[in-house]
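Below: the structure, in structure tokens.
The values are calculated or read from the model by the stated rules, or taken from the named source; none is laboratory data. Please read these numbers as outputs of a predicted model, since none were measured by experiment. Heads up, the Cβs are rebuilt from the backbone with ideal geometry, glycines too, and the neighbour counts pull from every protein chain shown.
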Amino acid sequence: MSCHSERSEESRLCLYHLISRRLIGNRGKFETHRDEYAHLFYFLSGQGVVEIDDQQFDARAGIVIQIAAGQTHAYENTGADDLMLISLNLPVA
């Protein structure tokens, strides 16, 4: 599916896949993986750690983390409360 600017059902579906809210429960994690597209993670609440190519970064409310296409990455909830974030999946042009 290609994303374009016209207002069609295909465009709405594409937008749905580009922006998602993630909720990671206490001590939960999203395993290490690699994507063909880039990400922007905007953290809304909780505490966690994001690993990008073997480097670790703290994650908490208000933090934005950018991940380039092809980078290995994972994130984990390290706090007692849920870790909530918005993930923007950015296709490579």
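Scanning segment 1-35 for residues that are modelled with pLDDT of 90 or more and either on the phi > 0 side of the Ramachandran plot or in a loop (DSSP other than H, G, I, E, B) (or both) gives GLY25, ASN26, ARG27, GLY28, ASP35. Within segment 75-93, the set of residues being free of Cβ contacts under 8 Å to residues at least 60 places away in the same chain and over 13 Å from ARG22 (Cα atoms) comprises THR78, GLY79, ALA80, ASP81, VAL92, ALA93. The number of residues in segment 43-59 that are in a strand (DSSP E or B) and either exposed (fewer than 15 other Cβ atoms within 10 Å of the Cβ) or modelled with pLDDT under 95 (or both) comes to 5.
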